[in-house]
Amino acid sequence: MTTLTKTEGEKAPTGPDSFLSVRDLRVRFSTEDGIVKAVDGLSFDVERGKTLGIVGESGSGKSVTNLTVLGLHNPKTSTVEGEILLEGQDLVTTPEKEMEKLRGNKVAMIFQDPLTALSPYYTVGRQIAEPYMKHTGASKKEARDRAIEMLTKVGIPQPKTRVDDYPHQFSGGMRQRAMIAMALVCDPDLLIADEPTTALDVTVQAQILDLLKDLQQEFGSAIIFITHDLGVISDMADDLLVMYSGRAVERGSVREVLRAPRHPYTWGLLSSMPRLGGSTSQPLMPIPGSPPSLLNPPSGCPFHPRCTFKDQVSGDRCSTERPALGEGRASACHLTAEQKQTIFIDTIQPRLR
Ligand code: SF4
C-alpha cells in the first residue's frame with residue numbers, strides 16, 4: 001500500500017519504501033492581482049510499484065503539484081517551498097540542468113491531450129526514440145528498434161510501419177498510446193498521469209487504463225494518477241489524496257476513502273458523481289457554490305462557504321480555525337469522528353445507493 005502516514009506540514013524523513021516524499025509543499029504565483037496560493041502545505045508519499053490517486057476540482061492544486069514535482073513551474077513567476085524528495089534527492093533545490101536529466105528518464109508525465117506532448121512535425125517513432133537516445137546514449141538504430149518495441153507494448157498495430165507515421169495519421173486513442181510509449185521508453189521510476197483518459201471514449205479509456213496497469217506491473221513504476229473521476233480512481237489507485245484549495249483534506253487507501261469517506265467535500269464529490277448500477281431514483285447532488293479564490297482563500301476551513309454540515313460544529317470554528325489533517329487515515333474537518341460516522345450512515349450513504 002502507498003504510505004500516507006505523516007501529518008500535513010510535517011517535515012519528516014523519507015520512509016523506507018517511499019520513492020517520492022513530498023513535505024509541506026507550498027507553491028505561490030505572483031499575479032497582477034496578488035499572490036495565488038496554488039499549493040498550501042501539502043505532504044504525501046508514493047512507494048515504488050504503487051499508484052497514488054489525487055482527486056479534486058479544477059483549481060484544487062493537483063496539477064500544479066505534479067508540474068512542480070517535474071520542475072516545470074516557471075521560476076520567474078512562482079516560488080516553491082518545502083521538500084520534494086525523490087529517493088532522498090530534494091528536487092526543490094535541484095538545478096534545472098539536472099532536472100532535465102531526470103525528466104523523461106527517472107520521472108515522466110502523460111498529459112491529458114497527446115497533441116500538447118507530440119509534435120506534428122516529427123514522426124511518432126522519432127519522438128519516442130529521441131529521449132531514449134538522449135538518456136541512454138543508444139544509437140539511432142537501437143533507438144528505432146526500441147520505439148518499435150514500445151509501440152508493440154502499447155498495442156499499436158503494425159508497429160514496424162506505423163513507427164514512421166506522423167501524429168495526425170494516428171487516431172486519438174493511438175496518440176494517447178504513443179504518448180504512453182514516449183513516457184515509458186526510458187523505464188521511469190515515477191510516472192505522473194494527468195487526466196490521461198478524459199478526452200477518450202469509454203472503451204478506449206478502459207483499454208488505456210488496463211495498459212497502464214500492465215505496464216506498471218512490468219516496469220514497477222510508481223504512478224501518480226490525477227483525475228476528477230472517482231470511478232476511474234477506484235480502479236487504478238492504491239491510495240487516495242483528496243485536494244481542496246491547495247491542500248489535502250482527506251487521505252487513506254482507496255478502499256477506505258471510497259467506502260467510508262470522512263470529509264464533507266469528499267461526500268460532495270461522491271454525491272455529485274453518476275454511479276454505474278446506482279439507483280435512478282437518487283438524484284445527483286452537485287456541491288453548492290464554486291471553488292474558492294486562491295488569491296483570497298476563505299478564513300478557517302476553506303470549504304466552509306460551501307459546507308452544509310458546518311452548523312453541526314460548535315461556535316464559529318469552521319470559519320475561524322483551519323482544521324489540521326491528522327496522521328494516517330485522516331480528514332481535515334472539525335466534526336467529531338462520531339458525527340462523521342453518523343452523517344455518513346444516515347445522510348450520505350443513502351444518496352450513494
Ligand atoms: Fe465543513 Fe466545518 Fe468540516 Fe470544514 S471543518 S468541512 S466547514 S464541518
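The values are calculated or read from the model by the stated rules, or taken from the named source; none is laboratory data. These figures come from a predicted structure and were not determined experimentally. Don't worry about glycine lacking a Cβ; one is built from the backbone with ideal geometry, like all the others, and counts go over all protein chains shown. Each accessible area value is taken on the protein alone, full model and side chains, heavy atoms only, with ligands, DNA and RNA left out. Shrake-Rupley method; radii C 1.70, N 1.55, O 1.52, S 1.80 Å.
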Check your understanding: Out of all the residues in the range 271-280, is one or more within 16 Å of the ligand (Cβ to nearest atom) and either within 30 Å of G34 (Cβ to Cβ) or touching a helix residue (DSSP H, G or I) at 6+ places or on another chain (Cβ under 8 Å) (or both)?
Key -> yes
Review point. Within the range 303-317, can one find any residue that is acidic (D, E) and under 14 Å from L230 (Cβ atoms)?
Key: no
**Study point:** Hits in the range 32-59 - residues which are closer than 17 Å to D238 by Cα, in a strand (DSSP E or B) and not hydroxyl-bearing (S, T, Y)
**Key:** F44, D45, V46, E47, L52, G53, I54, V55
Study note, to complete from the structure: Conditions (1) closer than 27 Å to S43 by Cβ; (2) surrounded by 14 or more Cβ atoms within 10 Å (Cβ to Cβ) -> R351 fails only (1)
Check your understanding: How about the range 323-336: which of its residues are at pLDDT 95 or above and open to solvent by 50 Å² or more (accessible area, probe 1.4 Å)?
Key -> T336
Exercise for review: Find the residue count for the range 103-150, including only residues that are among the hydrophobic types (A, V, I, L, M, F, W, C), farther than 22 Å from H168 by Cα and touching a residue at least 40 places away in the same chain (Cβ under 8 Å).
Suggested key: 2
Exercise for review: Tell me, yes or no, whether the range 323-330 has at least one residue that is in contact with a helix residue (DSSP H, G or I) (Cβ under 6 Å, 6 or more places away or on another chain) and more than 9 Å from the ligand (Cβ to nearest atom).
Suggested key: yes
Review point. Among the listed residues L4, L42, L20, which satisfies the condition of being open to solvent by less than 40 Å² (accessible area, probe 1.4 Å), at pLDDT below 90 and not polar (S, T, N, Q)?
Key: L4
Practice item. Would you be able to tell me the number of residues in the range 286-311 that are farther than 16 Å from G268 by Cβ and away from the ligand (no atom under 14 Å from the Cβ)? Key: 4
Point to revise | Candidates L230, L270, L258 - the one that is open to solvent by less than 10 Å² (accessible area, probe 1.4 Å), closer than 23 Å to F309 by Cα and modelled with pLDDT under 95 | key: L230
Point to revise | Unmet requirement for E218, which otherwise passes all of (1) exposed (fewer than 15 other Cβ atoms within 10 Å of the Cβ); (2) over 21 Å from R48 (Cβ atoms) | key: (2)
Review point. Taking the range 228-260 on its own, how many of its residues are touching a helix residue (DSSP H, G or I) at 6+ places or on another chain (Cβ under 6 Å) and within 12 Å of the ligand (Cβ to nearest atom)?
Key: 4
Check your understanding: Which fully enclosed helices (runs of 4 or more DSSP H) of the range 226-343 have 1 or more residues being within 25 Å of L212 (Cα to Cα)?
Key -> 230-236, 254-259, 264-271
